[in-house]
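The values are calculated or read from the model by the stated rules, or taken from the named source; none is laboratory data. Remember, predicted model here, so these are calculated numbers, not experimental data. Here Cβ is always computed from backbone atoms with ideal geometry, including for glycine, and neighbour counts include all displayed protein chains. The protein model used for the area step is the full one, side chains on, heavy atoms only, and it has no ligands, DNA or RNA in it. Shrake-Rupley method; radii C 1.70, N 1.55, O 1.52, S 1.80 Å.
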Amino acid sequence: QVQLVESGGGLVQPGGSLRLSCAASGINFSVFSMHWYRQAPGKERELVASISSGGIKNYADSVKGRFTISRDNAKKTVYLQMTGLKPEDSAVYYCGAGRPPVYWGQGTQVTVSS
């Protein structure tokens, strides 16, 4: 049974930082491309960051220079370090496995507000 479990979301002030984690089980994690998506109310789900099985990273223009994706294959976990958070970063953040994603986590809420 495949599971992706996100954690690390919460309420943070503008300019603050959060680190999201996504722990995978039931898949051969190291061969999967991993992604972070987000979805704000009334908006479509959008790709935030990706990391390939070989460690190649890509980012949406809106988060370049502020967010960093990384992975630890031994822990079967992908991370999203978010700094310089803005109110427009508020959304439910999902991790996905595969290209395109075939497995999804349940999401974790990130709220950026003063």
> Cα gyration tensor of region 38-114, axes a ≥ b ≥ c as square roots of the eigenvalues: rounded (a/c below 1.5), prolate (a/b > b/c) or oblate?
Replying inline: prolate
> Of all DSSP beta bridges in the chain, what percent run antiparallel (nearest 5)?
Replying inline: 90
> Could you give the length gained on full extension between Glu44 and Gln1, defined as 0.36 nm per residue of separation minus the Cα-Cα distance, in nm?
Replying inline: 12.7 nm
>> With every protein chain kept in place and ligands, DNA and RNA left out, what is the accessible area per residue of region 1-107? Probe 1.4 Å, answer in Å².
In response: 51
>> Taking a virtual spin label 7 Å from the Cα of Gln13 along the C-beta vector, which residues in region 77-95 bring their backbone nitrogen under 15 Å of it?
In response: 84-87
